[in-house]
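So the structure is just underneath, and the comments pick up after that.
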Amino acid sequence: MSAQLAQYLLTGLTVGAIYALVALGFAIIYNASHVINFAQGEFVMIGGMATVSLANAGLPLLVAIPVAVLTAAAVGVALAKFAVEPARGASVVTLIIITIGASILLRGLATLVWDKKLHALQPFSGDQPIAIAGATILPQSLWVLGVTLAIVLLLGWFFGRTLTGKAMLATSHNPLAAQLCGVNVRFVLLLSFGLSASLGAIAGILIAPITLTSWDVGVMLGLKGFAAAILGGLGSGTGAVVGGLLLGIAESLGAGYVSSAYKDAIAFVIILAVLFFKPSGLFGKKSAERV
Amino acid sequence: MLGTGDSLLEVGGLTSHYGRIQALKGLDLAVREGELVALVGANGAGKTTLLRTLSGVQPASGGRVTFAGEDITHERADRRVKRGIVQVPEGRQVFGPLSVEDNLRLGGYTRPRAESDAGLERVYAMFPALKERRRQAAGTLSGGQQQMLAMGRALMAKPRLLLLDEPSMGLAPRLVEEIFATVRSLKQAHTTIFLVDQNARAALSVADRGYVLETGRIVLAGTGSELLGNELVKAAYLGL
Ligand SMILES: Nc1ncnc2c1ncn2[C@@H]1O[C@H](COP(=O)(O)OP(=O)(O)O)[C@@H](O)[C@H]1O
Ligand SMILES: [Mg+2]
């Protein structure tokens, strides 16, 4: 493998891991409520921006990061409680419009609470590149990959081994039967938004030292995460991870071998191609409900 | 005969609507501890709506539901399960992609873990076919096995009142017999049961008492044998 290819793959995997985290957020909320949460990108923004401002206020990262994640989770729960839950029974399209409205509101609030500038977050453990197979990787990329891997394993354990996780899956398959088992489906909805918001925030914090962050960083990352979720099959956890990594690698190779001008277009080409050729995505259920 | 103070479940003047359509038009009924009460009625009479309203997954628009002396008319569905009102819904509604054992564990969602372990053994003893298929996805089971899974899942919640909605629907005669044998053995174990079934003869035969529901109203009530001997019931539901 050429050093150049290795470099593209490493870059692609790093960005792809971020897309995967955002896509997982889409999947969890979609499963719990059949809502496509277009405010998902704003959780990414809140995570990054809150961490930057807390760090600038003098808090160590070890404190700033958990506080930022909890802030995003609280915003996610509030979104579910005050915007999505009251509209229960509304059409899927209405719910999607609500989340789009929420994302505009959250971006506006971010410019008030913070500002419209670009911000840098210090890397977690320096910026001395590490050489691997002729390519180099930033320590921050290792953080991105490591934390993403840990989260994927944690989610696998949560949904595969705990009763609460299984209750969430059960609710997504059959909310009526879940209620008859004594599952509080309203709690499942709030939990799914809180969990998705946390994942988004973590993604935003991990990537901030590499790409900078700002009030509108969630727009593009949200769309990329959505593309990854569609590619993998909306609602599939495995699909979200594979879709994210594939999209990241495709972008990186496209930018390297074709032109970086087309980098962002790749996500949209993928969305269109998937919707056209295989609407259920790589790992999606065939009967998945489409908008 | 209704509303004797010692009833586990008491329903008074219960109404329920789907939009402007009124599906329940003021029902009165009662189920005493340890009793098996059957509800028969034609398709569309409102049997499922009644059970859904009792479980709290369909709102009551009027009237009162009392369970063990407490008003639960507007209580949340999951709280009612904790109280012991547990339903086996029409059409089984198993969690298809989840394993048989996960389905059962979810049945015990409101119970402590240790109780759930013991409950699992009891259900497997009752339905050995489920034990053999414990790791299989519930969606791959046959209709009869899915019905057993749905019953097992409900039993995991330790019901004080078990609501059964058409447990024999769509099953071959041999399996129908098996389901009714299960209902009988649950009754012998003093489970309080409210049974809805298309098979009016079988349902009224196992029941202590029964009600006949027509377009959202109770039109007849009596002991199982009284209803089996009733001319109206014979003509409308027993095909005699
Ligand atoms: N989801 C629904 N929306 C509107 N009407 C309904 C709905 N479910 C049932 N109904 C109506 O309510 C009445 C009672 O239905 P149901 O309780 O399912 O009857 P049964 O279980 O006795 O066959 C019927 O007229 C049916 O058409
Ligand atoms: Mg019915």
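Which residue out of A:Leu61, A:Leu70, A:Leu54 is open to solvent by 10 Å² or more (accessible area, probe 1.4 Å), in contact with a strand residue (DSSP E or B) (Cβ under 7 Å, 6 or more places away or on another chain) and either touching a residue at least 12 places away in the same chain (Cβ under 8 Å) or not polar (S, T, N, Q) (or both)? Spell out the reasoning first.
Numbers: A:Leu70 fails: in contact with a strand residue (DSSP E or B) (Cβ under 7 Å, 6 or more places away or on another chain); A:Leu54 fails: in contact with a strand residue (DSSP E or B) (Cβ under 7 Å, 6 or more places away or on another chain).
Criteria check complete, one pass: A:Leu61.
Restricting to region A:183-214, name every residue that is surrounded by fewer than 24 Cβ atoms within 10 Å (Cβ to Cβ) and not in a helix (DSSP H, G or I).
A:Asn184, A:Leu212, A:Ser214
Suppose we filter region B:29-40 for residues that are away from ligand 2 (no atom under 16 Å from the Cβ) and under 16 Å from B:Pro167 (Cβ atoms); how many remain? Before you say what the answer is, go through the steps one by one.
The first filter runs over region B:29-40 and keeps only residues away from ligand 2 (no atom under 16 Å from the Cβ), leaving B:29-37.
Subsequent filtering for residues that are under 16 Å from B:Pro167 (Cβ atoms) retains B:36-37.
Within region B:29-40, residues that are away from ligand 2 (no atom under 16 Å from the Cβ) and under 16 Å from B:Pro167 (Cβ atoms) number 2.
Can you tell me which residue is farthest from ligand 1 (Cβ to nearest atom) among those in region B:21-40 that are in contact with a strand residue (DSSP E or B) (Cβ under 8 Å, 6 or more places away or on another chain), open to solvent by 10 Å² or more (accessible area, probe 1.4 Å) and assigned to a strand (DSSP E or B)? I'd like the intermediate steps shown before the answer.
Our first condition is that a residue be in contact with a strand residue (DSSP E or B) (Cβ under 8 Å, 6 or more places away or on another chain); within region B:21-40, this holds for B:22-40.
Now drop any that are not open to solvent by 10 Å² or more (accessible area, probe 1.4 Å), which leaves B:22-23, B:25-26, B:28, B:32-35.
From the residues that got through so far, the ones that are assigned to a strand (DSSP E or B) too are B:22-23, B:25-26, B:28, B:32.
Values: B:Gln22: 9, B:Ala23: 4, B:Lys25: 11, B:Gly26: 15, B:Asp28: 17, B:Arg32: 23 Å.
My answer is B:Arg32.
State which residue is nearest to the other protein chains (Cβ to nearest Cβ) when the search covers only region A:167-182 and only residues that are in a loop (DSSP other than H, G, I, E, B) and surrounded by 22 or more Cβ atoms within 10 Å (Cβ to Cβ). Give the steps one after another, and end with the answer.
Going residue by residue through region A:167-182, those that are in a loop (DSSP other than H, G, I, E, B) are A:174, A:181-182.
Going one step further and asking which of them are surrounded by 22 or more Cβ atoms within 10 Å (Cβ to Cβ), we end up with A:181-182.
Details: A:Cys181: 5, A:Gly182: 3 Å.
Looking at the filtered set, the residue picked out is A:Gly182.
Go through (1) polar (S, T, N, Q); (2) modelled with pLDDT of 95 or more; (3) assigned to a loop (DSSP other than H, G, I, E, B); (4) out of contact with any Phe, Trp or Tyr (no Cβ under 9 Å at 6 or more places or on another chain) and name the single condition B:Thr66 misses.
Of the numbered conditions (1) polar (S, T, N, Q); (2) modelled with pLDDT of 95 or more; (3) assigned to a loop (DSSP other than H, G, I, E, B); (4) out of contact with any Phe, Trp or Tyr (no Cβ under 9 Å at 6 or more places or on another chain), the odd one out for B:Thr66 is (3).
Please go through region B:161-175 and give me each residue that is more than 16 Å from ligand 1 (Cβ to nearest atom) and touching a helix residue (DSSP H, G or I) at 6+ places or on another chain (Cβ under 7 Å), ordered by number.
If the condition is that a residue be more than 16 Å from ligand 1 (Cβ to nearest atom) and touching a helix residue (DSSP H, G or I) at 6+ places or on another chain (Cβ under 7 Å), then B:Leu162, B:Leu171, B:Leu175 are the ones that fit.
When you scan region B:214-230, how many residues do you find that are within 16 Å of ligand 1 (Cβ to nearest atom) and outside any strand (DSSP E or B)?
Filtering region B:214-230 for residues within 16 Å of ligand 1 (Cβ to nearest atom) gives B:214-220.
Add one more test, that the residue is outside any strand (DSSP E or B), and what stays is B:215-216.
The qualifying residues number 2.
Counting only residues that are in contact with a helix residue (DSSP H, G or I) (Cβ under 9 Å, 6 or more places away or on another chain) and among the small types (Gly, Ala, Ser), which one in region A:145-164 is surrounded by the fewest Cβ atoms within 10 Å (Cβ to Cβ)?
Start the filter on region A:145-164 by keeping residues that are in contact with a helix residue (DSSP H, G or I) (Cβ under 9 Å, 6 or more places away or on another chain), which leaves A:145, A:147-149, A:151-152, A:155-160, A:163-164.
Filter once more, so that each one left must be among the small types (Gly, Ala, Ser): A:156, A:160.
On the way: A:Gly156: 14, A:Gly160: 12.
By that ranking, first place goes to A:Gly160.
Starting from region A:207-228, take each residue that is closer than 16 Å to A:Ala55 by Cα and list its partners that are of a type in the set (Lys, Arg) and open to solvent by 30 Å² or more (accessible area, probe 1.4 Å), counting only C-beta distances under 8 angstrom and pairs at least six apart or across chains.
Close Cβ pairs (under 8 Å, with a partner that is of a type in the set (Lys, Arg) and open to solvent by 30 Å² or more (accessible area, probe 1.4 Å)) amount to A:Ser214/A:Lys116; A:Ser214/A:Lys117.
Could you list, in sequence order, the residues of region B:149-190 that are in a loop (DSSP other than H, G, I, E, B), within 16 Å of ligand 2 (Cβ to nearest atom) and open to solvent by less than 70 Å² (accessible area, probe 1.4 Å)?
Step one: list which residues in region B:149-190 are in a loop (DSSP other than H, G, I, E, B), which gives B:156-160, B:166-172, B:189-190.
Imposing the further condition that a residue be within 16 Å of ligand 2 (Cβ to nearest atom) reduces the set to B:166-171.
Selection gives B:Glu166, B:Pro167, B:Ser168, B:Leu171.
Would you mind finding the one in B:Arg79, B:Arg105, B:Arg92, B:Arg113 that is within 16 Å of ligand 2 (Cβ to nearest atom) and of a type in the set (Lys, Arg)? Spell out the reasoning first.
Numbers: B:Arg79 fails: within 16 Å of ligand 2 (Cβ to nearest atom); B:Arg105 fails: within 16 Å of ligand 2 (Cβ to nearest atom); B:Arg113 fails: within 16 Å of ligand 2 (Cβ to nearest atom).
After ruling out the rest, the residue left standing is B:Arg92.
State which residue is farthest from ligand 1 (Cβ to nearest atom) when the search covers only region B:135-148 and only residues that are crowded, with 18+ Cβ neighbours inside 10 Å, away from chain A (no Cβ under 12 Å) and part of a helix (DSSP H, G or I).
Here the residue is B:Gln145.
Residues in region B:70-90: is at least one more than 14 Å from the chain's Cα centre (by Cα), in a strand (DSSP E or B), more than 14 Å from chain A (Cβ to nearest Cβ) and over 17 Å from B:Asp165 (Cβ atoms)?
Looking for residues that are more than 14 Å from the chain's Cα centre (by Cα), in a strand (DSSP E or B), more than 14 Å from chain A (Cβ to nearest Cβ) and over 17 Å from B:Asp165 (Cβ atoms), one finds at least one in region B:70-90, hence yes.
Condition first: open to solvent by 50 Å² or more (accessible area, probe 1.4 Å), in contact (Cβ under 8 Å) with a residue 60 or more places away in the chain and not hydrophobic (A, V, I, L, M, F, W, C). Can you find one or more residues in region A:39-48 that meet it? Quick ask: steps written out before the conclusion?
Here is the first cut: in region A:39-48, the residues open to solvent by 50 Å² or more (accessible area, probe 1.4 Å) are none.
Checked region A:39-48: no residue is open to solvent by 50 Å² or more (accessible area, probe 1.4 Å), in contact (Cβ under 8 Å) with a residue 60 or more places away in the chain and not hydrophobic (A, V, I, L, M, F, W, C).
Hey, among the residues in region B:47-98 that are open to solvent by less than 10 Å² (accessible area, probe 1.4 Å) and small (Gly, Ala, Ser), which one's nearest to ligand 1 (Cβ to nearest atom)?
Of everything passing the filter in region B:47-98, B:Ser55 is nearest to ligand 1 (Cβ to nearest atom).
Considering each residue of region B:101-137, count those that are β-branched (Val, Ile, Thr) and over 22 Å from B:Phe180 (Cα atoms), and give that number. Talk me through it step by step, then tell me what you get.
Taking region B:101-137 as the starting set, the residues that turn out to be β-branched (Val, Ile, Thr) are B:110, B:123.
Filter again for over 22 Å from B:Phe180 (Cα atoms), leaving B:110.
Going through region B:101-137 one residue at a time, the tally reaches 1.
Restricting to region B:41-63, name every residue that is touching a Ser or Thr at 6+ places or on another chain (Cβ under 8 Å), away from ligand 2 (no atom under 13 Å from the Cβ) and assigned to a loop (DSSP other than H, G, I, E, B).
Once the filter is applied, which keeps residues that are touching a Ser or Thr at 6+ places or on another chain (Cβ under 8 Å), away from ligand 2 (no atom under 13 Å from the Cβ) and assigned to a loop (DSSP other than H, G, I, E, B), region B:41-63 yields B:Pro59, B:Ala60, B:Ser61.
The values are calculated or read from the model by the stated rules, or taken from the named source; none is laboratory data. Model, not experiment: these values are computed from the prediction. Cβ coordinates were reconstructed from backbone atoms using ideal geometry, including for glycine residues, and neighbour counts include every protein chain displayed. Accessible surface is based on the protein model in full, side chains and every heavy atom, while ligands, DNA and RNA are left aside. Shrake-Rupley method; radii C 1.70, N 1.55, O 1.52, S 1.80 Å.
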